[in-house]
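Just so you know, all these numbers are worked out from the coordinates, no wet-lab data involved. The structure presented is a predicted model; accordingly, all values stated were derived computationally and were not measured. In this analysis, Cβ positions are derived from the backbone assuming ideal geometry, glycine residues included, and neighbour counts consider all displayed protein chains.
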Amino acid sequence: MRGMVAMAFLVGCGQPVYPVACGEGTTLVEGQCVPLEDALGSGDDLGTTNPGPGGTDPGDTDPGDEDPGTDPTDEGTEDPTQGGMGPFVPHTSNVLVSSVSLYCNMPGDWVFSSDLDLTSTKALVNIWNTGAGNNLSEEHLMVVTDTDPNGAWEAIEGVYNEDAVYLPDIASSFGCEAMDDLTYSIRVYDAAGDISDCALWGHDPSAIVGGLANYAEVSESGELLDCDLWN
């Protein structure tokens, strides 16, 4: 605490008036400079001042203000519209998903097929078990099966073993019998590698964009927030 300097004028009989200055760490009491500790008493904390009517410590901010490091609207939870998702990523719409087909052979494979307007640099399938309570998620790459020589369209496909140990791009842990409990997405990327278009369909697409799904196996989950919901 910075020391205080007290000024006073002493008046004596027939004596001139002199200003008296008490040094740092002392104060004027009954015409004498005494240590602050003696003047205040041993029970006072010299590191704080009188709290005053507001009851605030001088080291605190204005009692009407929140802690300057926090947002008063922030309760420590994420945006309820996004849940555990990443930040919103808009789509470029340079490459568009024009159609999707899905079937499952039991026992056998999941087969995703899609036709695109223009050509892509990458395509991803995501699958969520939104209906069974375990809410597991998967992600798989799709491959190009046919393309227009002039780049006007492209056909892509993903074939993954069903009811197996989950291996990205190869095998799904979901069996064909779970089809009605699953939610699906396809994402395609343009020549610059940016997300261009996305479609969501199946059991509960709104759960995916509402932040209510499992995104542990989902890359760049914020891209899903701009997906078209097909049902």
Gained length - Ser219 relative to Ala155, 0.36 nm times residue gap less alpha-carbon distance = 20.8 nm
note = From fewest to most C-beta neighbours within 10 Å, the residues Ile208, Ile170 line up as Ile170, Ile208
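What does the highest-first list of 187-196, 106-115 look like by mean Cβ count within 10 Å?
Working: 187-196: 19.2, 106-115: 17.1.
Final packing ranking: 187-196, 106-115.
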ask   = If you stretched the chain out fully between Val165 and Glu177, how much longer would it get, using 0.36 nm times the residue separation minus the C-alpha to C-alpha distance?
value = 2.7 nm
message = 5 Å is the cut-off here: which amide hydrogens, built 1.01 Å from N in the peptide plane, fall below it relative to Ser98, excluding neighbours closer than 5 in sequence?
response = Asp115, Leu116, Asp117
note = Taking a crude spin-label model, label points 7 Å out from Cα along the C-beta direction, the Leu212 to Ala191 distance in nm is 4.1
query = Which peptide among 136-144, 178-186 comes first, and what is the full order, when sorted by highest mean count of other Cβ atoms within 10 Å?
reply = 178-186, 136-144
Label-point gap, in nm, between Thr121 and Asn105 - each point 7 angstrom along Cα→Cβ = 3.4
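Using the 10 angstrom Cβ neighbour count as an exposure proxy, how do Tyr215, Tyr103 rank, fewest first? The partial results should precede the final answer.
Numbers: Tyr215 22, Tyr103 12.
In order of increasing Cβ crowding within 10 Å: Tyr103, Tyr215.
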task = Be a star and scan the stretch 90-104 for residues whose amide nitrogen sits under 18 Å from the point 7 Å along the Cα-to-Cβ vector of Asp228.
result = 90-102
message = Distance between the C-alpha centers of the stretch 104-124 and the stretch 128-198? Whole Å please.
response = 6
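Using Cα pairs under 8 angstrom and six or more residues apart, how large is the relative contact order of the stretch 134-231, in percent? Walk me through the numbers on the way to the answer.
Details: 143 pairs, mean separation 22.1, N = 98.
Result for the stretch 134-231 is 23 percent.
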